[in-house]
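Note sheet for the following structure.
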Amino acid sequence: MKFPGPLENQRLSFLLEKAISREAQMWKVNVPKMPTNQNVSPSQRDEVIQWLAKLKYQFNLYPETFALASSLLDRFLATVKAHPKYLSCIAISCFFLAAKTVEEDERIPILKVLARDSFCGCSSSEILRMERIILDKLNWDLHTATPLDFLHIFHAIAVSIRPQLIFSLPKLSPSQHLALLTKQLLHCMACNQLLQFKGSMLALAMISLEMEKLIPDWLPLTIELLQKAQDYAVVLFLMTKALEYLWYFY
């Protein structure tokens, strides 16, 4: 088996640095809003994220599409005071924007089919109007670093630092193992309580929990990943808090 060399390690470090820089520019502390009839409640947000997860499977799209759609939705809801009656339209518009950003052209759902088969309750023209509103509020900037981006990077770095991890996986290839972690992470993204943590910390906490189950020297590996994530002291505190929440998902 071929293990990552110096050039691959450099590429991973560059990707991580770029993603962390992007996250630092765009991430805002989530301030829960008091549930009213005039704004989207945390539970309503979670329900619509779960709906988007089902649509990902229904239309056979990449996990990255769901992750980006969720991130766009959260960024939009943090920017505007959205009425709950528009939530489905906002969510399906974020989903369509994400699909057009991530998927190959032939995999992007046809808008009329998406509007019909998703049972979103809005027309194609309404989705297009909502798209424009979302783009305006997000300054036409859809390229954010999602928790899934960080999961992929941290997983690759962990395998690079500890090649023996490959032999510790329970009858799984590295790609199958990553797919399993991806499924768990997408489940976590539907929990509004985890919005208080950066996507990088959520992904790193998940990797740390997984490494603890697989190898005896998981803690030094976690510390090394923390150091690569730059703001060591802040990162350590945030990751510890994220771990406390993630225990409920394991």
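The values are calculated or read from the model by the stated rules, or taken from the named source; none is laboratory data. It should be emphasised that the depicted structure is a prediction, and the values quoted were computed from it without experimental measurement. Glycine also receives a Cβ, built like all others from the backbone with ideal geometry; neighbour counts cover every protein chain displayed.
Could you say whether any residue in segment 121-130 is among the β-branched types (Val, Ile, Thr), within 30 Å of Cys89 (Cβ to Cβ) and modelled with pLDDT of 95 or more?
Looking for residues that are among the β-branched types (Val, Ile, Thr), within 30 Å of Cys89 (Cβ to Cβ) and modelled with pLDDT of 95 or more, one finds at least one in segment 121-130, hence yes.
Within segment 8-18, does at least one residue satisfy the condition of being at pLDDT below 85, under 21 Å from Phe150 (Cα atoms) and not in a helix (DSSP H, G or I)?
No, there is no match, as no residue in segment 8-18 is at pLDDT below 85, under 21 Å from Phe150 (Cα atoms) and not in a helix (DSSP H, G or I).
So in segment 21-75, with the set limited to residues that are at pLDDT below 95 and among the β-branched types (Val, Ile, Thr), which one is nearest to Gln176 (Cα to Cα)?
Val29
Could you tell me which residue of segment 35-52 is surrounded by the most Cβ atoms within 10 Å (Cβ to Cβ), considering only residues that are in contact (Cβ under 8 Å) with a residue 60 or more places away in the chain and touching a helix residue (DSSP H, G or I) at 6+ places or on another chain (Cβ under 6 Å)?
Arg45
Taking Asp74 as the residue in question, decide whether it is within 21 Å of the chain's Cα centre (by Cα) and touching a residue at least 12 places away in the same chain (Cβ under 8 Å).
When the stated conditions are applied, Asp74 passes them.
Cβ contacts < 7 Å: first residue under 15 Å from Ser208 (Cα atoms), restricted to segment 163-181; second residue small (Gly, Ala, Ser), any location; separation 6+ or different chain. Result?
Leu165/Ala158
List every residue pair whose Cβ atoms lie under 9 Å apart, where the two residues are 6 or more positions apart in sequence or sit on different chains, the first residue falls within segment 208-226 and is closer than 14 Å to Ile157 by Cβ, and the second residue, located anywhere, is loosely packed, with under 13 Cβ neighbours inside 10 Å.
Ser208/Leu219; Met211/Asp217; Met211/Leu219; Ile223/Tyr232; Leu226/Tyr232
Within segment 82-195, considering only helices (runs of 4 or more DSSP H) that don't extend past its boundaries, which have at least 1 residues that are buried (at least 17 other Cβ atoms within 10 Å of the Cβ) and of a type in the set (Phe, Trp, Tyr)?
Passing ranges, in order: 87-102, 147-161.
Take Ala115 and tell me if it is in contact (Cβ under 8 Å) with a residue 12 or more places away in the chain and more than 22 Å from the chain's Cα centre (by Cα).
Taking the combined requirement at face value, the residue satisfies it.
Check off (1) in contact with a helix residue (DSSP H, G or I) (Cβ under 8 Å, 6 or more places away or on another chain); (2) more than 22 Å from Asp149 (Cβ to Cβ); (3) aliphatic (A, V, I, L, M) for Ile110 and give me the number that stays unchecked.
Against the list (1) in contact with a helix residue (DSSP H, G or I) (Cβ under 8 Å, 6 or more places away or on another chain); (2) more than 22 Å from Asp149 (Cβ to Cβ); (3) aliphatic (A, V, I, L, M), Ile110 comes up short only on (1).
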